[in-house]
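Student: One structure coming up, written as structure tokens, with questions to follow.
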Amino acid sequence: MGLKEMKDAYVSKMDAQLSEWGAKLKEMKAKAEKAAAQGKMDYQQQLQKARAQEKHEQARKKLDEIKAASEERWEALKSGVEGAWNELKKSVDSTKIP
């Protein structure tokens with residue numbers, strides 16, 4: 001085999017290797033983009049869960065206020081509890097668990 005044939009074989013081999021690596025890099029890029037998109041979705045889900053937890057705490061505080069309130073005062077607090085309860089329900093219903 002002459003120098004030209006050796007060079008051509010080497011170039012072909014390197015060209016094939018570069019093509020293979022290019023394909024792997026495209027695959028890795030696609031996986032990274034998919035993971036990034038999934039990460040964004042996971043982040044949004046975590047935010048929803050955090051909001052739901054916050055609303056749960058608010059509803060718990062309102063309920064504690066009613067428990068501690070006198071019989072005359074609890075009626076006035078009732079609408080606040082119901083509002084917090086509805087907000088919590090919406091938040092829990094909208095929170096998706098993967």
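Student: How about the range 60-82: which of its residues are small (Gly, Ala, Ser) and at pLDDT 80 or above?
Tutor: Scanning the range 60-82 gives Ala68, Ser70.
Student: Which residue pairs have Cβ atoms closer than 8 Å, lie 6 or more positions apart in sequence or on different chains, and pair a first residue in the range 5-27 that is modelled with pLDDT of 85 or more with a second residue that is open to solvent by 90 Å² or more (accessible area, probe 1.4 Å)?
Tutor: Ala9/Met1
Student: Please tell me if Ala30 is part of a helix (DSSP H, G or I), open to solvent by less than 100 Å² (accessible area, probe 1.4 Å) and touching a Phe, Trp or Tyr at 6+ places or on another chain (Cβ under 7 Å).
Tutor: no
Student: Hey, any hits in the range 7-17 for a residue that's part of a helix (DSSP H, G or I), open to solvent by 70 Å² or more (accessible area, probe 1.4 Å) and either closer than 30 Å to Asp93 by Cβ or of a type in the set (Ser, Thr, Tyr) (or both)?
Tutor: yes
Student: What is the one condition in (1) open to solvent by 100 Å² or more (accessible area, probe 1.4 Å); (2) assigned to a helix (DSSP H, G or I) that Glu72 does not satisfy?
Tutor: Single failed check for Glu72: (2).
Student: For the list (1) open to solvent by less than 60 Å² (accessible area, probe 1.4 Å); (2) more than 18 Å from Ser94 (Cα to Cα), I need the number of the one condition that Ala59 fails.
Tutor: (2)
The values are calculated or read from the model by the stated rules, or taken from the named source; none is laboratory data. Note that the structure is predicted; figures quoted are calculated from it, not measured. Methodologically, a virtual Cβ is constructed for each residue, glycine included, from the backbone with ideal geometry; neighbour enumeration extends over all protein chains shown. Areas reflect the complete protein model, heavy atoms only, side chains present, ligands, DNA and RNA absent. Shrake-Rupley method; radii C 1.70, N 1.55, O 1.52, S 1.80 Å.
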